[in-house]
1. Quick one: which residue in B:TYR146, B:TYR88, B:TYR155 is surrounded by fewer than 19 Cβ atoms within 10 Å (Cβ to Cβ) and over 20 Å from B:LEU216 (Cα atoms)?
2. Any residue that is in contact with a Pro (Cβ under 9 Å, 6 or more places away or on another chain), in a helix (DSSP H, G or I), among the basic types (Lys, Arg) and more than 25 Å from A:GLN71 (Cα to Cα) - is there at least one of those in the stretch A:154-171?
3. Across the stretch A:177-210, which residue is modelled with the highest pLDDT among those that are within 29 Å of A:ALA242 (Cβ to Cβ) and either outside any helix (DSSP H, G or I) or within 14 Å of chain B (Cβ to nearest Cβ) (or both)?
4. Out of the residues in the stretch B:8-47 that are in contact (Cβ under 8 Å) with a residue 24 or more places away in the chain, among the small types (Gly, Ala, Ser) and over 20 Å from B:VAL243 (Cα atoms), state the one that is farthest from the other protein chains (Cβ to nearest Cβ).
5. Suppose we filter the stretch B:305-342 for residues that are touching a residue at least 24 places away in the same chain (Cβ under 8 Å), in a loop (DSSP other than H, G, I, E, B) and more than 30 Å from B:LYS402 (Cα to Cα); how many remain?
6. Has the stretch B:283-292 got any residue that is touching a residue at least 60 places away in the same chain (Cβ under 8 Å), assigned to a loop (DSSP other than H, G, I, E, B) and outside the structural domain of B:LEU105 (by TED's automatic domain parsing)?
7. Take the residues in the stretch B:93-103 that are crowded, with 19+ Cβ neighbours inside 10 Å and within 11 Å of chain A (Cβ to nearest Cβ); name whichever of them is nearest to B:MET147 (Cα to Cα).
8. Of (1) of a type in the set (D, E, K, R); (2) more than 23 Å from A:TRP169 (Cα to Cα); (3) in contact with a helix residue (DSSP H, G or I) (Cβ under 9 Å, 6 or more places away or on another chain), A:LYS298 satisfies all except one. Which?
Amino acid sequence: MKELKILGVVVVFTLILYWGVEPFAHSQMHKHVEGHDFKYPDLPALKVKGNAENGKALVAACVGCHSIKSQGMAAPMDAVTSAQTYGVNPPDLSNMGALLDEKFFAHFLLDPAKVTKSKHFAMPPSAGSEQDAADIVAYFKSIAPKEISPKEAYETACGRCHANRYDHWTQIGEVPKTKSNIKTGVDLDALAFKKKVGIYENKLADYMGKLPPDLSIIIRARSEQFLETFVEDPQSQLPGTAMPRVGLTKEGYEKVKDYLEKTGDPSKPKREELGPWVIGYFILFAFLAFLWKKSIWKGHH
Amino acid sequence: MAHFDENARPFSHKWLNERLAVDTLKRVLSTEYWIPKNINFLWAMGMVLAATFGLLLISGIFLLMYYQPNTQLAFDSVNYTIMSEVGYGWLWRHIHGVGASVVFLIIYIHMFTGIYYGSYKRGRELIWLSGMLLFVLFSAEAFSGYMLPWGQMSYWAGMVITNLFSMGGLHLNGLVEWIRGDYVPGQAFLNRFFMLHVLLVPLAIIGVIVLHFGTLRIPHVNNQDGEEIDFEEAAELYKAGKVKESKVIPFNPVFLSKDVFVMGVYFVIFFYLVFYHFEFAMDPVNFDPADPLKTPTHIYPEWYFLWSYEVLRPFSTNIGLIAFAFAQVIFFLLPFLDRSPNVAPASRRGLFKYWFWALLIDMIILTFMGKLPPEGIWSTIGLVAALTFFGLWIALPIITSKEKKL
């Protein structure tokens with residue numbers, strides 16, 4: 001009984017200690033930002049309904065800068081040339097209808113700089129009226145694939161500014177498989193690709209003010225709450241940041257998070273698989289040790 | 001000249017006995033190493049520490065096979081190679097990270113157990129001193145290890161801590177550069193801390209662990225009442241079969257069986273943390289790669305250094321450094337500052353009882369404040385707690401010399 005009392009004292013002090021240096025300290029160190037579940041309440045609801053047929057005609061203007069690969073429309077320029085022209089490579093639009101919030105998307109087309117809350121957004125206003133905007137959104141929704149992989153979500157939403165070296169992703173695409181010269185060890189193709197990435201990154205850094213960070217392991221460097229509210233509205237966590245609000249839906253964000261978890265915390269499924277076995281083993285170990293102790297101590301008290 | 005039986009078969013019991021005295025060793029170190037019976041589970045913390053050190057050593061050996069002590073490669077060798085390319089690399093790393101944090105929790109429990117029961121007195125001074133030496137070595141081991149992933153906190157904690165060696169107003173910048181091998185933490189810095197972490201400090205730790213065990217053998221382990229036991233008499237009683245009447249038990253197997261049970265329970269909790277709750281031991285800030293151009297908003301050490309960090313922080317540079325130096329050595333002096341002749345649990349020692357709990361609570365408050373940003377009320381509480389810390393140590397010889405002999 002006395003031992004349980006002592007154990008209680010040790011446990012209580014340990015828990016107080018933990019509370020103070022972890023949950024309490026972190027609650028004081030980081031400002032609390034309330035999320036809005038990716039509903040974008042600052043943007044008014046759309047008053048009109050979009051028509052995909054009409055939208056299809058309007059989209060002809062988009063492909064002057066963007067590709068829509070799923071519809072066989074290629075990009076007018078490669079990524080590096082695009083960055084040299086605009087500062088950043090405009091995204092492929094195939095998956096936009098599946099990832100972006102409808103309301104956000106329509107307001108974005110009307111006034112990109114305002115809606116993204118980004119001081120210098122390269123894209124000009126691209127819809128003449130709310131009806132046009134709604135039509136374009138309807139078109140993109142009509143061509144959106146039913147299922148989007150986490151990686152595709154990342155590429156579309158983040159991948160042109162943020163590399164992910166743990167998944168061999170650069171802002172201009174996958175690192176290609178190349179071969180080095182067997183006599184010299186020199187891999188000219190890899191060097192050429194590196195140079196292209198370098199040119200792109202320099203332009204991107206000029207455009208954004210600094211090079212956006214590689215996101216390989218961001219899932220462990222920031223709290224879940226931070227990432228979610230930051231992606232929903234970057235200004236809420238980092239006022240003045242150049243990062244635009246990208247307008248993902250909740251599902252779209254979950255996909256991006258899945259991808260970040262896969263590159264930054266790949267052991268999660270393995271932990272969950274192995275954990276119960278190891279803990280179970282030690283429970284059994286402790287139980288057997290208890291029986292051994294009891295038999296050894298017999299007659300000692 | 002010792003006698004060697006020429007007919008003894010190699011490696012037979014007799015053969016080993018003549019060369020290694022295995023029977024004597026076993027008796028002295030194990031079956032007739034007497035431990036008081038009147039103890040509780042806190043007496044198992046030594047073995048728990050040894051086991052945790054073992055886990056750290058083994059997991060460290062595996063991590064060492066893939067870690068790259070290079071400022072360009074270190075971060076990814078830890079966070080990518082070990083975490084996703086090496087089979088079970090993540091497990092070794094999480095054991096190592098959680099172990100490094102938990103080992104300090106157990107060290108603190110072990111220390112405060114010693115303080116509570118007066119286990120640093122009357123022949124046990126060297127146990128305390130060698131234990132404190134281990135504390136310092138473990139601190140050096142933890143700090144040097146924290147540099148290795150070369151994340152933001154590695155870099156900036158390295159910067160802040162090595163800066164302490166400029167000794168404030170003495171401006172010994174040359175000394176700081178000598179320690180770093182550069183003007184700022186860089187390749188030379190990483191290499192030497194890598195060497196310290198994987199060779200010199202562990203070697204010293206192993207040596208001092210042996211010393212710590214050695215200092216324990218003659219004065220024997222203390223007991224729950226601080227009772228002075230005649231170990232020889234009690235041992236005779238035990239050997240005569242009167243195990244119930246005897247006040248002692250042999251280390252092996254009686255004491256050990258309880259230790260192993262406590263270790264079993266401990267490992268359940270330990271591996272729960274490793275698999276499901278390791279974040280407390282792995283600060284998110286250190287998952288950003290070291291960036292000399294970007295100072296993190298909050299720089300703080302791991303939790304186990306927070307109290308001594310907070311002793312330093314509320315004061316001006318010079319006074320703070322003196323305070324810090326005081327906090328680092330004062331625990332060494334405990335056996336000499338406690339002037340009371342009593343070896344007894346704190347609960348029976350008058351004012352010392354309050355002193356014990358005040359010290360514990362004060363250090364927990366210092367720990368909390370050490371992590372919080374030093375602003376407003378937090379820095380005031382920090383200052384008061386730091387002053388209380390000094391007040392307590394100044395009061396110790398006074399209150400203990402007035403203590404009545406039990």
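The values are calculated or read from the model by the stated rules, or taken from the named source; none is laboratory data. What you see is a predicted model; the values in this text were computed from it and never measured. Glycine also receives a Cβ, built like all others from the backbone with ideal geometry; neighbour counts cover every protein chain displayed.
1. Only one candidate passes the filter, namely B:TYR88.
2. No, because not a single residue in the stretch A:154-171 is in contact with a Pro (Cβ under 9 Å, 6 or more places away or on another chain), in a helix (DSSP H, G or I), among the basic types (Lys, Arg) and more than 25 Å from A:GLN71 (Cα to Cα).
3. A:ALA205
4. B:GLY46
5. 3
6. So far as the stretch B:283-292 goes, no, none of its residues is touching a residue at least 60 places away in the same chain (Cβ under 8 Å), assigned to a loop (DSSP other than H, G, I, E, B) and outside the structural domain of B:LEU105 (by TED's automatic domain parsing).
7. B:ARG93
8. Just one mismatch for A:LYS298, condition (3).
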